[in-house]
Amino acid sequence: MSSNLQLISFLISFIFGILFYYITILNFYLIDNFKLIIKHLLTFIYVIDMAIIYIIIFYHINKGYFHIYFILMVLVGYIMGFLLNKKVISKIIVKKYFNN
């Protein structure tokens, strides 16, 4: 794998981690009123879907060539999304856009 392709894969993994964090928050807001067993089932399906989407993205980028440090970049992106949400975006009230 060329170094350019590795850098693109790092960047895509990092961005996917940030998006994964924010979509997870949205998922928790959307399933807030369901019963506990339904919440667990929907969260499990959500995680499986996100993993499949990540695998499909990597098959399109670099023919599915995969390293463990790409997953670590997803984790770094997830943590960065958490820190970004804590510092900047937590000032926005998301619940006012959803009717309960």
(request) Provide a single number: the residues in region 30-66 that are open to solvent by less than 80 Å² (accessible area, probe 1.4 Å), over 18 Å from the mean Cα position of the chain (by Cα) and under 22 Å from residue 15 (Cα atoms). (result) 2
(message) For region 38-88, give me each residue that is more than 18 Å from residue 24 (Cβ to Cβ) and touching a Leu at 6+ places or on another chain (Cβ under 9 Å).
(response) 61, 62, 65
(message) Quick check on region 83-96. Is at least one of its residues at pLDDT 90 or above, within 14 Å of the chain's Cα centre (by Cα) and open to solvent by less than 80 Å² (accessible area, probe 1.4 Å)?
(response) no
(request) Please enumerate the residues belonging to region 28-86 that are farther than 17 Å from residue 16 by Cβ and not in a helix (DSSP H, G or I). (result) 31, 32, 33, 34, 35, 63
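The values are calculated or read from the model by the stated rules, or taken from the named source; none is laboratory data. Since this is a predicted model, take the numbers as computed values, not measurements. No Cβ is skipped: glycine too gets one built from the backbone with ideal geometry, and neighbour counts run over all protein chains shown. Only protein heavy atoms, including side chains, enter the accessible area calculation; ligands, DNA and RNA are left aside. Shrake-Rupley method; radii C 1.70, N 1.55, O 1.52, S 1.80 Å.
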